[in-house]
Amino acid sequence: MTTAPDQQPVPTAPGDAPVINVGVLGARGRMGTEVVKAVNDAEDLELVAMVDEGDWLFGLADAGTQVVVDFTRPDVVMDNIRFCIDNNIHCVVGTTGFDEDRLSTIAEWLAPKPDVGVIIAPNFGIGALLLMRFAQDAARFFPSVEVVELHHPNKVDAPSGTAVRTARLIAAARREADMPPAPDATTDALPGARGADVEGVPVHAVRLAGLVAHQEVLMGAAGETLTLRHDSYDRASFMPGVLLAVREIGRRPGLTVGIEGLLGL
Ligand SMILES: NC(=O)C1=CN([C@@H]2O[C@H](COP(=O)(O)OP(=O)(O)OC[C@H]3O[C@@H](n4cnc5c(N)ncnc54)[C@H](O)[C@@H]3O)[C@@H](O)[C@H]2O)C=CC1
Ligand SMILES: O=C(O)C1=N[C@H](C(=O)O)C[C@H](O)C1
């Protein structure tokens, strides 16, 4: 403990840094449960609120939450972010479902709140982020590209947020290199057979018992292919990235998309 100027005791972490009060939204879900464990294990973080469906959001503010971690559902996450911004609570968001419209709306909400931060991260896994970077770098060398994401069967959205972001990054790299559309002579296909079209990159979603979160990027050129693959076998793989975002968000007001910048990638 240290003493603040108003003589209120302020808990401190080892090294005398102030402890960060964390609230978890979606605390009873697969990711939320893991975040609760990770926060409880971190000496510099204090778990002050666990909120799930049906609970009162004001519990977060009442508990003195400084940073919320949201792993809920695409259909409720915008309301949660709005609540956090209105209550001057930083928000680290792993929930999927963000398009340009949603990001612009959040930026508008943040405009009158220059001290509040929102980090939206399609994936907190270091390996997944590296895969995205490698795919971006390799994109201009291969005329053909397809993204395949593979997940547990309880996932509500498809394709995954990570796959959409990966495809968009690849598409941007291809545009920058003035590449033509990938060769594909298909004129006759059952609907869905060629996957979803994300800015010209086909994205395929597999749902399979036994899986957690996996992604492949397949690239092809004359006589060769390159396969990049990442596997999250356990949700613990996302926790270092989540905790990094929680610790950093106070220094990053405004809207941040992806944690690549926090990792120096
Ligand atoms: N960015 C990343 O690295 C990762 C993102 N995700 C994403 O996180 C989200 C959650 O994934 P899971 O934990 O697997 O789902 P889940 O279904 O296990 O958990 C979601 C939880 O949110 C709760 N919830 C629903 N509405 C709520 C509300 N209005 N307020 C508070 N809680 C509410 C549910 O009751 C449930 O406990 C998904 O969008 C998923 O794609 C998942 C893994 C990693
Ligand atoms: O629902 C999941 O499990 C995951 N969701 C995120 C996504 O949609 O990209 C991240 C990771 O793939 C796990």
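Bear in mind that the values in this text are calculations on the coordinates, not laboratory data. The structure presented is a predicted model; accordingly, all values stated were derived computationally and were not measured. Every residue, glycine as well, gets a Cβ built from its backbone with ideal geometry; the counts of neighbours run over all protein chains shown.
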Original post:
At 25 °C and 0.890 mPa s, what whole-number value in µm²/s does Stokes-Einstein give for the translational diffusion of the stretch 14-59, with Rh from the Kirkwood sum over Cα pairs?
Top reply: 220 µm²/s
Original post:
What percent antiparallel are the DSSP beta bridges of the stretch 136-260, to the nearest 5?
Top reply: 80 percent
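Just need the relative contact order of the chain here, percent rounded to a whole number, with Cα pairs under 8 Å and 6+ apart. List each step's numbers first, then the result.
Working: 487 pairs, mean separation 51.5, N = 265.
Dividing the mean separation by the residue count of the chain yields 19 percent.
Let me check I've understood the local charge: for Val246, count other residues with C-beta under 15 angstrom from its C-beta, Lys and Arg +1, Asp and Glu -1. What total comes out? Before the final figure, lay out each step's value.
Values: positive: Lys37, Arg247, Arg251, Arg252; negative: Glu34, Asp41, Glu43, Asp44, Glu46, Asp70, Glu248.
Local charge sum for Val246: -3.
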Subject >> Spin-label zone in the stretch 229-251 - amide nitrogen under 15 Å from a point set 7 Å from the Cα of Leu130 along the C-beta vector >> reply: 229-233, 237-238, 240-241
Original post:
Regarding the stretch 172-249, what is the average projected area of its C-alpha convex hull, in nm²?
Top reply: 8.7 nm²
Original post:
Given springs between every Cα pair under 10 Å in a Gaussian network model of the chain, which of Thr95, Thr225, Thr65 has the largest fluctuation?
Top reply: Thr225
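Suppose we keep just the DSSP beta bridges with both residues in the chain; what percent of those would be antiparallel, to 5? Before the final figure, lay out each step's value.
Numbers: 23 of 49 bridges.
Just about 45 percent of them are antiparallel.
Suppose the chain between Asn154 and Asp197 were pulled fully straight at 0.36 nm per residue; how much longer would it get relative to their current alpha carbon spacing?
Values: separation 43, 0.36 × 43 = 15.48 nm, distance 2.31 nm.
Taking 0.36 nm per residue and subtracting the Cα distance, the gain is 13.2 nm.
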Original post:
Hey, in the GNM for the chain with a 10 angstrom Cα cutoff, which one of Val69, Val201, Val92 fluctuates hardest?
Top reply: Val201
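Under unit Cβ charges (Lys, Arg +1; Asp, Glu -1), what dipole magnitude, rounded to 20 debye, does the stretch 180-265 have relative to its Cα centre? Provide the component values of the computation, followed by the final result.
On the way: 7 positive and 10 negative charges, 103 e Å.
Computed charge dipole of the stretch 180-265: roughly 500 debye.
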Original post:
Based only on Cα atoms, what Rg/Rh ratio does the chain have, Rh being taken as Kirkwood's radius?
Top reply: 1.02
Original post:
When the helices in the chain are scored as -39500 (n - 2.57) per DSSP H run of 4 or longer and the sum is shared across all residues, what 222 nm value do you end up with, to the nearest 500 deg cm²/dmol?
Top reply: -9000 deg cm²/dmol
**OP:** Quote the relative contact order of the stretch 114-174 in percent (integer), defining contacts as alpha-carbon pairs under 8 Å separated by 6+ residues.
**Re:** 46 percent
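Full extension from Val206 to Asp101: what is 0.36 nm times the residue separation minus their Cα-Cα distance, to one decimal in nm? Mind showing how you got there, number by number?
Values: separation 105, 0.36 × 105 = 37.80 nm, distance 2.70 nm.
Length difference between fully extended and current span is 35.1 nm.
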Original post:
Excluding Arg229 itself, what net charge comes from residues whose Cβ is under 12 Å from its Cβ, given Lys and Arg +1 and Asp and Glu -1?
Top reply: -3
Subject >> Highest-MSF residue in the chain out of Ala139, Ala49, Ala222 [GNM, Cα springs under 10 Å] >> reply: Ala222
Original post:
If we count every other residue with Cβ under 15 angstrom of Thr256's Cβ, Lys/Arg +1 and Asp/Glu -1, where does the sum land?
Top reply: +2
Subject >> Gap separating the Cα centres of the stretch 49-64 and the stretch 107-167, nearest whole Å >> reply: 28 Å
Original post:
In nm, to one decimal, how far is the modelled label at Asp41 from the one at Ser144, with both set 7 Å along Cα→Cβ?
Top reply: 4.2 nm
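Counting only Cα atoms, I'd like the Rg/Rh figure for the stretch 118-265, Kirkwood definition for Rh. Display every interim value, and only then the final one.
On the way: Rg = 16.1 Å, Rh = 16.3 Å.
With Rh from the inverse mean 1/r over Cα pairs, Rg/Rh is 0.99.
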